[in-house]
Amino acid sequence: MAKVVRGPQKDIFKLSQPFKSSPTAPFNDRFTVTVGFGTGTLTWTLLLNAFEPQSPPDLVLDVGNEDCISHKDLISLDTWDISDDTALLRLLAEARDLYRSTQVSKALDFSSGPLQFELVSLKGISSSCEMRVGED
């Protein structure tokens, strides 16, 4: 699990609060995932299966955002490979990108004029270009 937050996206995803879902679980299989998003953070829950580690994990979004990502849209779940050190990082990055896309689409629904033009421009920018404002 330590490898999941290494590399260029290490500051975007942080795993914390590990615990076991069962006293007989061979390893911690529940984590809180803090996701850097814009100038704030999102808090998701990562559910692994300690008894069937080859099974893809489940990702629970924070309250109010449960409908932002459909598990059927997460390709990383279909291609889950526990032996791939980057599988979890790819899943989290994909979920974050889908969340971002959903939020921009929602904002477009409620905007007009110059603001809508700016949001359309923003929608075309890769999430890797996202800037954080006001952080030291």
Exercise. On the given criteria, is Thr39 at negative phi, at pLDDT 85 or above and open to solvent by 30 Å² or more (accessible area, probe 1.4 Å)?
Worked result: no
Exercise. Which of (1) closer than 12 Å to Leu42 by Cβ; (2) open to solvent by 30 Å² or more (accessible area, probe 1.4 Å); (3) modelled with pLDDT under 90; (4) of a type outside the set (Asp, Glu) is the odd one out, the single condition Cys68 does not satisfy?
Worked result: (2)
For this session: Determine the pairs where a residue that is over 13 Å from Ser55 (Cβ atoms), located within the range 75-97, has a partner that is surrounded by fewer than 14 Cβ atoms within 10 Å (Cβ to Cβ) and basic (Lys, Arg) with Cβ atoms under 6 Å apart, the partner being 6 or more residues away or on another chain.
Result: Asp85/Lys3
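The values are calculated or read from the model by the stated rules, or taken from the named source; none is laboratory data. What you see is a predicted model; the values in this text were computed from it and never measured. Note: ideal-geometry Cβ built from the backbone for every residue, glycine included; neighbour counts use all protein chains shown. Each accessible area value is taken on the protein alone, full model and side chains, heavy atoms only, with ligands, DNA and RNA left out. Shrake-Rupley method; radii C 1.70, N 1.55, O 1.52, S 1.80 Å.
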